[in-house]
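A quick write-up on the structure given underneath.
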Amino acid sequence: MKLTKSVDFTLRMLIYLATNPGSKTTPSLSEELKVPYNHLIKLVQRLAQADIVTTKQGKYGGVQLSEKGQTITVKDVVDVIDGPTQLTVCMDVVTTCEMSCDCQLKPAISVIQDRINSVLSDVTLQDIIDQPKVSV
């Protein structure tokens, strides 16, 4: 499994907002985090709809982490930005697989997907922030 650029950008933005309290403008976030402005705006909109960040327009406006954002998990971010984790199409409850009655793969994939979701649910934004910084 590979996290998308959107999830990567979002996690970096949330870490920045959590460690730099107060409202930040979208242009300053874009510049500071090296995230394309138009991409950042779309991510902020999704996060605001999910009540993970709050936004305020105007001269003294900007983006900041909401109370809900303080306890967000990596799984929450993945779900908001990319949708629920789905390792294969057969895991989609809406799609019917022609081989479902004979498939031995689906139960194994289901276990793997459950474990991935469990790990992603166990890691909070605060857990990431509290990790020792790695020197490059």
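Considering only the stretch 1-71, give the helices (runs of 4 or more DSSP H) lying wholly within it that have at least 3 residues that are of a type in the set (S, T, N, Q) and surrounded by fewer than 16 Cβ atoms within 10 Å (Cβ to Cβ). It would help to see each step written out before you state the result.
On the way: elements: 5-19, 26-33, 37-49.
By residue number, 37-49.
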Item to check | residue 5 touching a Gly at 6+ places or on another chain (Cβ under 8 Å) and either free of Cβ contacts under 8 Å to residues at least 60 places away in the same chain or not hydroxyl-bearing (Ser, Thr, Tyr) (or both) | outcome: no
Item to check | Selection count, the stretch 72-105, where residues are under 30 Å from residue 46 (Cβ atoms), of a type in the set (D, E, K, R) and modelled with pLDDT under 80 | outcome: 1
Checklist entry - Considering 50, 18, which residue is within 23 Å of residue 86 (Cα to Cα) and of a type in the set (Gly, Ala, Ser)? => result 50
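The values are calculated or read from the model by the stated rules, or taken from the named source; none is laboratory data. None of these values were measured; they are calculated from a predicted model. Ideal geometry is used to build each Cβ from the backbone, glycine not excepted, and the neighbour counts take in all protein chains shown.
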